[in-house]
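Below is one structure; the comments refer to it alone.
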Amino acid sequence: ILKDNYCKSRSSEEFIEWIPYDEFKDIIHIADDKNSAIWLNGYICDWNSNNLNWNRKIKNFKVMLINSEDLDHIYKILKAGKYVYQIYGISKDPTSHIYILVFDDEGYNQNLFVSWTIFN
């Protein structure tokens, strides 16, 4: 999944990375499959050719973690390439072994509010 994304990404907004679970702190359970967390390293913004490493933006960045036991479902979402929210990466809970999609928390919550107001 990620290898395919790495090759096709034309900008940092399209780049989806593997995020080690220990890069999250202050994980708060919100709903059945949703958690809020702080991502210590923050997302990739571009490549630094001087030190041959990624430049990252906004350390201690608030994200939404969505659990998914179905890797095929994650693959279909990523392959479609049309996301309602900014997806930063994939992680895996070392205890439950469930895969996690990492979203922009602000965009995710704004869209939930819009959906709620439209359907209520």
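Exposure proxy check: ASP26, ASP104, ASP33 ranked by fewest other beta carbons within 10 Å?
Starting with the residue having the fewest Cβ neighbours, the order is ASP26, ASP33, ASP104.
Can you sort ASP32, ASP105, ASP93, ASP46 by how many other beta carbons sit within 10 Å, fewest first?
By the 10 Å Cβ count, ascending: ASP32, ASP46, ASP93, ASP105.
A short reminder: the numbers here are calculations on the coordinates, not readings from a lab. This one's a predicted model, so the numbers in the text were calculated from it and none came from an experiment. Here Cβ is always computed from backbone atoms with ideal geometry, including for glycine, and neighbour counts include all displayed protein chains.
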